[in-house]
Amino acid sequence: VDEFAEQITKKAEILEEAAAILRSQLQFKNLIWMKALSDEKFGRDIMHFVDDIRLYERTGRKRETTWAEGRPKSEKRRAKFTMGYTRREAEL
């Protein structure tokens, strides 16, 4: 568990730095750079992750099946991201 926590901590730090880099560049309005990063693939997995967690927290909806076998790709992904997840308000 500690090894996974360390890996997730490192990823969170990298994502925080990426967000800072993105925000720092907005003031320059560099069209070429902004177009390159507007590619739909850039950050797609993180956007899915955040959307899936938000939906889960907002609706409190339980997964239809644990592994989402035979379900669409989006349901399989959502099950993966929310399986074992503890809601943030539960941390308080």
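A few notes on this one:
- Of residues in region 49-74 being touching a Ser or Thr at 6+ places or on another chain (Cβ under 8 Å) and modelled with pLDDT of 90 or more, the one surrounded by the fewest Cβ atoms within 10 Å (Cβ to Cβ): 53
- Any chance residue 3 is open to solvent by 100 Å² or more (accessible area, probe 1.4 Å) and at pLDDT 90 or above: yes
- Filter pass, residue 31 being of a type outside the set (D, E, K, R), surrounded by fewer than 10 Cβ atoms within 10 Å (Cβ to Cβ) and modelled with pLDDT of 90 or more: yes
The values are calculated or read from the model by the stated rules, or taken from the named source; none is laboratory data. Only a predicted model underlies this, so the values are computations on that prediction, with no experimental measurement involved. Backbone-built Cβ (ideal geometry, glycine too); neighbour counts: all protein chains shown. Protein only, heavy atoms only, side chains kept; ligands, DNA and RNA dropped before computing areas. Shrake-Rupley method; radii C 1.70, N 1.55, O 1.52, S 1.80 Å.
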